[in-house]
1. Counting Lys and Arg as +1 and Asp and Glu as -1, each charge on the Cβ, what is the dipole of the chain about the Cα centre in debye, to the nearest 20?
2. Between Ala295 and Gln113, what is the spin-label point distance in nm, taking each point 7 Å from the Cα along the Cα→C-beta axis?
3. Would you kindly derive the ³J(HN,Hα) couplings of the stretch 62-77 from the backbone phi angles with the Karplus curve 6.51 cos²θ - 1.76 cosθ + 1.60 (θ = phi - 60°), listing them in order in whole Hz, with x for Gly and Pro?
4. How much of the DSSP bridge set in the chain is antiparallel, in percent, rounded to the nearest 5?
5. Rounded if a/c is under 1.5, else prolate if a/b beats b/c, else oblate: with a ≥ b ≥ c from the C-alpha gyration tensor eigenvalues square-rooted, which is the stretch 219-285?
6. What does the charge add up to near Ala237, with Lys and Arg as +1, Asp and Glu as -1, over the other residues with Cβ less than 12 Å from its Cβ?
7. I need to check one value: relative contact order of the chain, counting alpha carbon pairs closer than 8 Å and at least 6 residues apart, in percent.
8. Whole-Hz Karplus ³J(HN,Hα) for the stretch 96-107, in order, using 6.51 cos²θ - 1.76 cosθ + 1.60 and θ = phi - 60°, x for Gly and Pro?
Amino acid sequence: MIFCRTNIVVCVVMLLVARIVAADDVQVGSKAFTESVILGELATQLGNTAGVATVHQSQLGGTRVLWEALRSGQIDVYPEYTGTLVEELIPGTAADLAAIKSELYRQGIGMTQTLGFDNTYALGVPDTLARRWNLHSISDLRKHPEFRFGLSNEFLSRKDGWPALKRAYDLSPTSVTGLDHDLAYTAISSGSIDVVDLNSTDAEIGFYHLLTMTDDRHVFPEYKAVFLYRLDLQDRAPEFIRAIGRLEAAIDASTMTAMNASSKLQKVSEARVASKFLMSRFQVKTDPHEQGFAAQLFTRSCEHLVLVGISLAASIVVAIPLGVLSFLRPRLGQVILTLVSAINTIPSLALLVFMIPALGIGTLPAIVALFLYGLLPIVRNTHAGLAGIAAGLRESAIVLGLSSSARLLRIELPLAASAILAGIKTAAVINVGTATIGALIGAGGYGQPILTGIRLADYKLILLGAVPAAILALLIQGGFGLVENVVVPRGLRIKARN
């Protein structure tokens, strides 16, 4: 346990130093899909080559996460699409570039010219299914309500996604399932679904032999790729703005598709894909800065230990007094237990997104979310441990003339120590697993390789995150057994074993 605490302290110090050093760096963000990560890498490597310290915070979730992070100053730049801007982020704005730039400028955000390709939405079906039923356009799907739709979760909720498509084409399929976009391709290749939403530059379209259905009612707007950036970058880092300006009109659709394919299908890292493109297109040699396995494991372990360690310590400090108060004041206790129980009903990803406007992205909101999730098991077990003490023992303490505070500290809490410790252990194990979600808002940890592995269908990366997380959970289980020998009185330990 001393070794574990020392590691956590070392990791905290390292992360704080890294954050201080990176405070003035240009922060590039990207969404949790391959194309966005590649574009983020292109901007990052060009920025560093231009002499501007640039950091890439990759795979930060969906559109809203990146947009709010940009507006709040958590990141300085990220790749976006014009269709997403006019349909989701600045609705009511005309679709021409001048109008989009004008509205963004009013909000303190700049935009580059288009990068040269359009990555629009589409629907796809296996070509064997298309030939069997003579399918060509989205309108043809109206004749087949029995088809099983597997659509990405963001597409299902976006105004320019499924709601607009369903309304325009009067589609009423009997089965519509929300999936991760990358997993949907796996599902359609296995025959689990029949229709999937596509991005027109997805490498999987050809790999899985999918037919792109014609949008014959022109529901989807153009989704031309651009970079959005905070206007203060023009003063802070004008060289960076000039550097990413080199990408304007430099990437056509076939080139972007090829880069996606290199990463998704050939398992080449996005950093190397970006580096290769910059060399071939601009004769710019860059350093992808890829960590080795050991270095990456150490970094992710530090990040995960910080998330779990700090959040658990905060939960213990707050939850044990709340549990004691719940026992001493039964009516107030019901309110406390109800509130902490209600917190645990909030989906973890939703809670993280809710925190972004107030706390931004990164480690802090993840720690706060984990702290909140850790309250329930500790509060509940503290209350239950105190309530389960035999009345005779309390009466004996009263007869001895002990005050209420002395009874609590010397008799009741030691007797409830085993139950309290069990609650802390439960909270710790829960936090180890839940902390992996923090990677979606830039908190790092073991969730980072898991998310990347899912996106790239790379099981080695998934295991790089999943196995250490499982080992950490087992170490925590064993560590609390040692703590019990110190905290719980010997007589109660013997009784528990018997």
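1. Values: 42 positive and 40 negative charges, 442 e Å.
Around 2120 debye, computed over the chain.
2. Distance between the two pseudo-spin positions: 3.7 nm.
3. x, 4, 4, 4, 5, 4, 5, 5, 5, 5, 8, x, 5, 10, 10, 7
4. Numbers: 16 of 29 bridges.
Antiparallel bridges make up about 55 percent of those DSSP assigns within the chain.
5. On the way: a/c = 2.16, a/b = 1.31, b/c = 1.65.
Because a/c hits 1.5 or more and a/b fails to exceed b/c, the stretch 219-285 counts as oblate.
6. On the way: positive: Arg230, Arg236, Arg242; negative: Asp24, Asp25, Asp76, Asp232, Asp235, Glu239.
It works out to a net charge of -3.
7. Working: 791 pairs, mean separation 85.2, N = 498.
Relative contact order, the chain: 17 percent.
8. 7, 4, 5, 5, 4, 4, 5, 5, 5, 4, 4, 9
The values are calculated or read from the model by the stated rules, or taken from the named source; none is laboratory data. Remember, it's a predicted structure, so these values are computed and weren't measured experimentally. Please note: Cβ atoms are built from the backbone with ideal geometry, for glycine as well, and neighbour counts cover all protein chains shown. SASA here: full protein model, heavy atoms, side chains in, ligands and nucleic acids out. Shrake-Rupley method; radii C 1.70, N 1.55, O 1.52, S 1.80 Å.
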